[in-house]
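Derivation of every value follows stated rules applied to the coordinates shown; laboratory data play no part. Here the structure is a predicted model, which is why all the values come from computation and not from measurement. Glycine also receives a Cβ, built like all others from the backbone with ideal geometry; neighbour counts cover every protein chain displayed.
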Amino acid sequence: MSAACRRVGGVESIERVDVGGRVHLSRRVRRPSTPGPACPVVLLPGTGLTAADWDPVVAELAEDRATHAVDLRGHGDSDRPGTYSIALMAADVAGLLDVLGAPAVDLVGHSLGGLVACRVAAERPRLVRRIVLEDVGVPHRRPPGLPPRPAGELAFDWAVVEQVRPEIDDPDPGWPDVLRRIAAPTLVIGGGPTSHVPQEHVRELVQTLPDACLVVIEAGHLVHATEPERFSVAVRAFLDG
C-alpha cells in the first residue's frame with residue numbers, strides 16, 4: 001500500500017491509496033473520537049460527484065464508526081486513467097477494501113456508486129456486511145444519449161460519462177444474476193416520484209435482491225443532499241440493526 005495524507009478542516013484526513021497497482025483512489029477519512037465495534041462505512045458517490053458530496057451526512061454516520069468517502073476513478077482527486085466502466089470501478093473499490101484490512105465493511109452507494117457497490121458485494125461477499133443503495137434501480141435498456149458537457153472545468157473526467165453512460169443505456173443482461181448473488185442485507189432508499197430514476201425499477205431491485213427492504217424518502221434523486229437528516233436516521237437504524 002502507498003498513501004499520501006493531508007489534514008483537512010472538518011475531516012480527519014484525505015488519503016490517496018494505491019489499489020492493486022491499477023490506480024490511486026482518493027478517500028476522505030473520518031474516525032470517531034471514541035472507536036467502537038461498528039463496521040467501517042465506505043461511501044460511493046454518483047456520476048460526476050466526489051467524496052465531498054457525502055459531507056451532509058458523514059458527521060452523523062461517523063459518530064461511532066470510521067467513514068471512508070471515496071472518489072471513484074476519474075473523479076475528484078483520484079486518478080483519471082481515461083478508461084472507465086462499472087466493472088473497473090468495482091475492482092478499484094474491492095482493492096481499496098483489501099487495503100483497509102477490516103474483516104468487513106458497510107457499503108453506501110448513490111446512483112452509479114450504488115451499481116458499483118452491487119458488483120463489489122456480488123464478487124467479494126466476505127468483505128461486505130451490509131449495503132445501502134440510494135435511488136438505484138435494476139438497469140433497463142433506454143434510448144441512448146449523452147447529456148451536453150457542462151462548460152468550464154469539471155471535478156471529474158468527462159470521459160466517464162462518455163464511456164459509462166452507454167453501459168447504463170444498454171445494460172448487460174446479466175445484471176439480475178449479479179443482484180441475486182448479493183448475500184448482504186440491503187436497504188434501498190428510493191427518492192420518490194420526483195426522481196428521474198423510475199421508481200418501479202427501484203422496487204424491482206428490492207424484489208430481485210435476496211435480502212432487501214425499501215424506504216422511500218420523497219426528495220428526488222439526491223436524497224442524502226436534500227434530506228440529510230432523514231437519510232442519516234434511516235441509514236443508521238439499518239446499519240445498527
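Below is a table of values for the structure above.
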item	result
Rg [Å, one decimal], Dmax [Å, integer] - the stretch 3-240, C-alpha atoms	16.5, 50
Fraction of beta bridges assigned by DSSP in the chain that are antiparallel (%, nearest 5)	45 percent
Residues whose placed amide H lies under 5 Å from that of ALA212, excluding near-sequence neighbours	THR186
Ordering of 91-98, 63-70, 108-115 by burial proxy (mean other Cβ atoms within 10 Å per residue, highest first)	108-115, 63-70, 91-98
Helical segments meeting 20 Å axial Cα length and Kyte-Doolittle -0.5 threshold in the chain (DSSP H)	86-100
Spin-label proximity, HIS196 to the stretch 152-183 - amide N less than 18 Å from point 7 Å beyond Cα toward beta carbon	152, 154-171
Cβ crowding within 10 Å averaged over residues, with 127-136, 12-21 ranked highest first	127-136, 12-21
For the stretch 69-74, 3J(HN,Hα) per residue [Karplus equation, 6.51 cos²θ - 1.76 cosθ + 1.60, θ = phi - 60°, Hz, x = Gly/Pro]	8, 10, 8, 5, 3, x
